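Derivation of every value follows stated rules applied to the coordinates shown; laboratory data play no part. Values in this document were obtained by computation on a predicted structure and should not be read as measured data. Don't worry about glycine lacking a Cβ; one is built from the backbone with ideal geometry, like all the others, and counts go over all protein chains shown.
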Amino acid sequence: MLTHQETNYLGKEPDHAQLTTIIGMMGAGKSKLGYIVSKSLNVNFYDIDDLIEKELNTSIKELFKSHGEAYFRSVEEAKIEIVIKNAVSKNEKAIISIGGGAFDNQYSRELLLKNTKVIWLNVPTDILIKRIGDGSKRPMIKGNIEKSITEILSKRVKYYSLSHHQLNAYNLTQKQITEKMIQFISPENKKDYR
């Protein structure tokens, strides 16, 4: 159930947000596109999963395997909080990519909605399936990939839909997606996508 506070964020970007968070399913391209956009805008880029892997010197899949999802989610929540609070205190401009399930966490979700522009990179299930391949590097995939993706997305869409912006990447090229993201982040760079 969504809290009253969460529903107040719908469509309302935080005033003067210098940070942008990219959310979406595994395989949506959050890390790759976030990095490209950060370079285009000459701002810092933080990939939360990458930061966790470097800090703990292990893969996300191994963290799930050795410590379980609950442990990983607590580490993820703490890392998101540290990155956001540090960036806000420095008035830093940055792009942040979070794992597909991070926005499920109420504390992280509210922190991100309050302090960053949140963009949901919405990619069709069939494209996600192609990008994920056999799912061997994805700890949330169990058994049939299509069924897993569909079930996970059906649980997460209620949270993803709280984002400030939804970017439907159905028939867009990588260039069009990054330009659209830049338009959301920095409206003065607006282009016409007809």
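List residues of segment 39-59, by number, whose backbone nitrogen lies under 17 Å from a label position 7 Å along Cα→C-beta of LYS175.
40-41
How high is the FRET efficiency between GLU55 and ASP126 when r is their beta carbon distance and R₀ equals 25 Å, given to the nearest 0.05?
0.15
Taking 26 Å as the cut-off for C-alpha to C-alpha distance, list the pairs among LYS130/LYS155; LYS30/LYS117; LYS39/LYS180; LYS93/LYS130; LYS39/LYS79; LYS39/LYS158 that go past it.
LYS93/LYS130; LYS39/LYS158
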